[in-house]
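Heads up, the thing below is written out as structure tokens.
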Amino acid sequence: MDTSETMERAEYVYEMDDKESVTDGVVTAVGSATGLSMTEMPPLHESVDVDALNGLFSDSYGGTSRNQGRIRFTYCGCKIHVLSSGRVLVEPDGN
């Protein structure tokens, strides 16, 4: 599935700011999309390796930004797509 198809299917699109960690962006996006508070959601680390997730989109050791890539996983009954552009897409998990 390409990015435009994913954007069309997303129930909620969240734009992270430059100072926000990916994990904070995911939790904020899912909370906004589902109406759940942070205390009502399971810990994110039960669904994905949070250190790896943050590291995947952090600047390289040389200081250049990583401007390509995406990752998908399921969290809180939703499919989560994190894009290197700083967007978090949330769509219902239609299992």
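Among all residue pairs at least 6 apart or on different chains, which show Cβ distances below 9 Å where the first residue, located in region 28-50, is touching a residue at least 12 places away in the same chain (Cβ under 8 Å) and the second is among the acidic types (Asp, Glu) and in a helix (DSSP H, G or I)? Close Cβ pairs satisfying both conditions: Thr34/Glu40. Considering every residue within region 59-74, establish whether at least one is buried (at least 19 other Cβ atoms within 10 Å of the Cβ), at pLDDT below 95 and closer than 17 Å to Asp18 by Cβ. Looking for residues that are buried (at least 19 other Cβ atoms within 10 Å of the Cβ), at pLDDT below 95 and closer than 17 Å to Asp18 by Cβ, one finds none in region 59-74, hence no.
The values are calculated or read from the model by the stated rules, or taken from the named source; none is laboratory data. Everything quoted here is computed from the prediction, not taken from an experiment. When we count neighbours, we look across all protein chains shown, and the Cβ atoms used for this are built from the backbone with ideal geometry, even at glycine.
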